[in-house]
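Asks: I have a structure here, written as structure tokens, and I will follow up with some questions on it.
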Amino acid sequence: MTQIPNRKSEILQSMQDSMKECFQKSCLIIEKEIELHASGIWDGIKNAIDESLKHASEMQSQQKKGELKYLAFSLLSYGLFMDRLEMRVDAMDDGFYLDVEEAAGHYHFAFLQDKYLDDLEFLYKKSHEKFIRLQNHELEQIKRKYAEFYFSIIYRIMESLSELIMQTVLDSGISVADDFKVIFGEYMDQAVILNTGEKKDNEIFSDRNG
């Protein structure tokens, strides 16, 4: 049986310039969208935060959760399989992802969705021009790589909102630890600390570090 060569590196390398060019053009449009709809974007993210904090507060009153130590914003990798840019918000005590019960909310970056899908369609077309008989898993690699560009936008959005997020938590009246942190990353993976009284520049947090 003929073995199909692994072209992953070759494909991604070949598509790199197209991805950058496509993203740069999209950024101009996205920046305008954010400027026009900043208030609505924050309202949607705040609703997800409020949902998470409401669950956590109820659990605290039932002695099922300790004081909050983390508010974690996580990009969901499964969303990529559904072409959906979705973020999860978890309010956690010192048990981190081992909390007895979850207190989570979700936010869909709908204002990015159409542009993201348009970009993918363009990149798939480009890739078919360069390579013959592209397999679904090879297109999936292009999608995963290009999603990183959009994840960088989401990170910058969340970083710019970090003070508002911290204030929202403090104003909610929920019990929080003195070293409470707002963190951002991929679900159950490394995260960057966005806001805390003990924040250090470029500090990285991971539950794998114990």
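Asks: For segment 128-148, indicate whether the set of residues that are of a type in the set (A, V, I, L, M, F, W, C), more than 22 Å from Ser9 (Cα to Cα) and out of contact with any Lys or Arg (no Cβ under 8 Å at 6 or more places or on another chain) is non-empty.
Replies: no
Asks: Based on what the data block shows, is Ser74 among the hydroxyl-bearing types (Ser, Thr, Tyr) and assigned to a helix (DSSP H, G or I)? Spell out how you get there, then give the answer.
Replies: On the way: among the hydroxyl-bearing types (Ser, Thr, Tyr): yes; assigned to a helix (DSSP H, G or I): no.
No: the conditions fail for Ser74.
Asks: All but one of (1) assigned to a helix (DSSP H, G or I); (2) touching a strand residue (DSSP E or B) at 6+ places or on another chain (Cβ under 7 Å); (3) not aliphatic (A, V, I, L, M) hold for Tyr107; which doesn't?
Replies: (1) is the only condition that Tyr107 fails.
Asks: Given the condition closer than 23 Å to Glu51 by Cα and without any contact (Cβ under 8 Å) to a residue 40 or more places away in the chain, answer yes or no: does some residue in segment 129-147 qualify?
Replies: For segment 129-147, residues closer than 23 Å to Glu51 by Cα and without any contact (Cβ under 8 Å) to a residue 40 or more places away in the chain: absent.
Asks: Checking the conditions here, which among Leu112, Leu71 is surrounded by 16 or more Cβ atoms within 10 Å (Cβ to Cβ), out of contact with any strand residue (DSSP E or B) (no Cβ under 9 Å at 6 or more places or on another chain) and touching a residue at least 24 places away in the same chain (Cβ under 8 Å)?
Replies: Details: Leu71 fails: out of contact with any strand residue (DSSP E or B) (no Cβ under 9 Å at 6 or more places or on another chain).
That would be Leu112, the only listed residue that is surrounded by 16 or more Cβ atoms within 10 Å (Cβ to Cβ), out of contact with any strand residue (DSSP E or B) (no Cβ under 9 Å at 6 or more places or on another chain) and touching a residue at least 24 places away in the same chain (Cβ under 8 Å).
Asks: Scan segment 86-104 for residues that are in contact (Cβ under 8 Å) with a residue 40 or more places away in the chain and in a helix (DSSP H, G or I) and jot them down.
Replies: Phe96, Tyr97 - these are the residues of segment 86-104 that are in contact (Cβ under 8 Å) with a residue 40 or more places away in the chain and in a helix (DSSP H, G or I).
Asks: Which one is farthest from Phe73 (Cα to Cα), of the residues in segment 135-192 that are among the small types (Gly, Ala, Ser) and assigned to a helix (DSSP H, G or I)?
Replies: Here is the first cut: in segment 135-192, the ones among the small types (Gly, Ala, Ser) are 147, 152, 160, 162, 172-173, 175, 177, 185, 191.
Still in the list and also assigned to a helix (DSSP H, G or I): 147, 152, 160, 162.
Details: Ala147: 17, Ser152: 14, Ser160: 13, Ser162: 11 Å.
For segment 135-192, the residue satisfying everything is Ala147.
Asks: Residues in segment 120-134 that are loosely packed, with under 12 Cβ neighbours inside 10 Å, outside any helix (DSSP H, G or I) and not aliphatic (A, V, I, L, M): how many? Can you show your working first?
Replies: Just the residues of segment 120-134 that are loosely packed, with under 12 Cβ neighbours inside 10 Å, to begin with: 121, 125, 129, 132-133.
Checking which are outside any helix (DSSP H, G or I) leaves us with 132-133.
Subsequent filtering for residues that are not aliphatic (A, V, I, L, M) retains 133.
Selection size over segment 120-134: 1.
Asks: Being over 26 Å from Gln16 (Cβ atoms) and basic (Lys, Arg) is true for just one of Lys115, Lys126, Lys130, Lys65. Which residue is that? Explain how you work it out, then say what you get.
Replies: Details: Lys115 fails: over 26 Å from Gln16 (Cβ atoms); Lys126 fails: over 26 Å from Gln16 (Cβ atoms); Lys130 fails: over 26 Å from Gln16 (Cβ atoms).
Checking each option against the conditions leaves just Lys65.
Asks: Among the residues of segment 166-210, write down those that are modelled with pLDDT of 70 or more and under 15 Å from the mean Cα position of the chain (by Cα).
Replies: Let us first name the residues in segment 166-210 that are modelled with pLDDT of 70 or more, namely 166-186, 190-196.
Selection gives Val182, Ile183, Phe184, Gly185, Glu186, Gln190, Ala191, Val192, Ile193, Leu194.
The values are calculated or read from the model by the stated rules, or taken from the named source; none is laboratory data. Just so it is clear, the structure is predicted and the values come from calculations on it, not from any experiment. Cβ atoms come from the backbone with ideal geometry, glycine included; neighbour counts cover every protein chain shown.
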